[in-house]
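The values are calculated or read from the model by the stated rules, or taken from the named source; none is laboratory data. Since the structure is predicted, the reported quantities are computational estimates derived from the model, not experimental observations. Here the Cβ positions follow ideal geometry from the backbone for every residue, glycine too, while neighbour counts run over all protein chains shown. Heads up: the accessible areas ignore ligands, DNA and RNA and are worked out on the full protein's heavy atoms, side chains in. Shrake-Rupley method; radii C 1.70, N 1.55, O 1.52, S 1.80 Å.
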Amino acid sequence: MRIIENNKSVFENKKSLRKLIDSHLEPLLTERRKNQQKILEICHVGKFLMFFENDFEISKVTEKPDFILTNGTELVGLEHQILVDNKSKEREGFFKNIFDLAELELKKDNSLPNFLANCYLLPYVNFKLSEKEELIATVVRVVKKYVLTDILEENPLIERIWKMPHSGINISESLGAWWQKDLTNEILIKAVSKKEKLISKYKENSTEKQWLLIVIGSNGDSSYLIDRNIKYSVKSEFDKVFVLEDFNNNLYEIK
């Protein structure tokens with residue numbers, strides 16, 4: 001495993017990232033909700049390419065593989081994969097969906113001013129799928145009352161709310177503290193093997209040289225972190241395999 005360093009300043013990184021991704025993001029931003037997955041992928045790949053000191057850029061946003069990169073003389077296919085613990089991700093996704101749907105309801109309410117509200121959930125909160133509609137109604141009622149009166153009514157879901165003026169009506173959920181999990185070599189090998197099954201299709205659609213970018217370390221209980229005490233090693237048909245720790249902005253070349 002080789003650690004690839006990024007020694008740029010924060011200002012330099014922001015400037016470099018915009019140069020790498022802005023032209024590819026622009027067509028997707030008109031339908032942000034519909035394109036949110038591809039927008040996230042482009043942001044990840046932009047952060048990844050910043051480590052290469054402008055040697056590579058996105059030539060084309062595609063599917064199977066997700067991107068075609070170029071350094072001016074050669075093309076490289078890049079497949080992107082976010083690696084998470086699926087059980088924890090399902091829980092995070094359940095609550096995110098509740099708050100996304102509640103936000104849509106709040107946006108229809110003309111009695112509300114524009115605001116941004118971050119809702120901190122009660123520790124270890126869990127609900128059944130059958131309670132989804134009741135939960136949406138609870139979020140709408142509790143957030144509306146808090147925005148209008150600064151009173152947080154007793155409820156089974158939200159522990160506290162932080163709010164501020166905003167350009168629109170937006171709410172988000174915070175599940176509080178979590179323990180991030182260390183990435184094991186077994187989990188990594190399984191993730192690489194899953195993508196390797198389609199490598200012939202990637203080559204057919206783009207070019208012979210193929211890289212795999214695995215993204216970990218985003219915020220949340222479902223995310224993994226690199227354990228630098230582990231000697232990660234994978235055998236793969238991909239020419240290169242990289243792991244990007246998103247939040248910590250660390251890049252590792254595994255193969």
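Observations, loosely collected:
- Placing +1 on the Cβ of every Lys and Arg and -1 on the Cβ of every Asp and Glu, with no other charges, gives segment 86-174 a dipole of roughly 160 debye about its Cα centre.
- Here segment 213-255 is treated as a Stokes sphere of Kirkwood radius computed over C-alpha pairs; at 10 °C and 1.306 mPa s its diffusion coefficient rounds to 143 µm²/s.
- Short-range pairs are left out: with C-alpha atoms under 8 Å and at least six residues apart, the relative contact order of the chain is 24 percent.
- Take the convex hull of the alpha carbons in segment 86-174; its mean projected area over all directions comes to 5.6 nm².
- Cα-Cα pairs of segment 59-116 separated by more than 13 Å (percent): 75
- Surface analysis of the chain yields an accessible area of 58 Å² per residue, using protein heavy atoms and a 1.4 Å probe.
- Put the Cα centre of segment 14-38 next to the Cα centre of segment 111-177 and the gap is 29 Å.
- Percent RCO, i.e. relative contact order, over segment 61-205, from Cα pairs under 8 Å lying at least 6 residues apart: 30
- Amide H contacts of F247 (H built 1.01 Å from N, in plane; Pro and chain starts excluded): S218 sit under 5 Å, all sequence-distant by 5 or more or on other chains.
- Leading residue at positive end of dipole, the chain (Cβ point charges), from P165, S23, P113: S23
- Between the helical axis of 36-49 and the longest alpha-carbon principal axis of the chain there is an angle of about 40 degrees.
- Square roots of five times the Cα gyration tensor eigenvalues for the chain, Å: 38, 21, 17
- Local electrostatic count, I136, Cβ distance below 11 Å [Lys/Arg +1, Asp/Glu -1]: -4
- Ordered by solvent-accessible area of protein heavy atoms (1.4 Å probe), largest first, the residues I199, I189 come out as I189, I199.
- Karplus-based coupling profile of segment 9-14, in residue order and whole Hz: 6, 4, 4, 5, 5, 4, with θ = phi - 60° in 6.51 cos²θ - 1.76 cosθ + 1.60 and x standing for Gly or Pro.
- Separation of alpha-carbon centers, segment 71-95 and segment 194-238, rounded to whole Å: 9
- Ranking by accessible area, most exposed first, for F242, F94 with a 1.4 Å probe: F94, F242
- Note that segment 181-191 has calculated 3J(HN,Hα) couplings of 9, 6, 6, 8, 5, 5, 5, 5, 4, 4, 5 Hz, one per residue in order, obtained from phi through the Karplus relation 6.51 cos²θ - 1.76 cosθ + 1.60 (θ = phi - 60°); glycine and proline are x.
- The alpha carbons of segment 1-85 occupy a box of 35, 35, 28 Å along the principal axes, longest dimension given first.
- The apolar share of the surface of the chain, taken as the fraction of accessible area on carbon and sulfur atoms (1.4 Å probe, ligands and nucleic acids excluded), comes to 51 percent.
- Debye log10 I(q)/I(0) at q = 0.18, 0.19 Å⁻¹ for segment 28-172, Cα point scatterers: -1.04, -1.10
- Straight-line reach from K96: taking Cα to Cα under 26 Å and skipping same-chain neighbours fewer than 8 places apart, the lysines in range are K34, K38, K47, K87, K107, K108, K128, K132, K144, K145, K163, K181.
- Per-residue Karplus couplings for segment 126-136, computed as 6.51 cos²θ - 1.76 cosθ + 1.60 with θ equal to phi - 60°, are listed in order as 8, 9, 8, 4, 5, 9, 4, 4, 5, 5, 4 Hz, Gly and Pro entered as x.
- DSSP-assigned coil residues among trypsin sites (Lys or Arg not before Pro) in segment 1-39, each with at most 10 further Cβ atoms within 10 Å: R32, R33, K34
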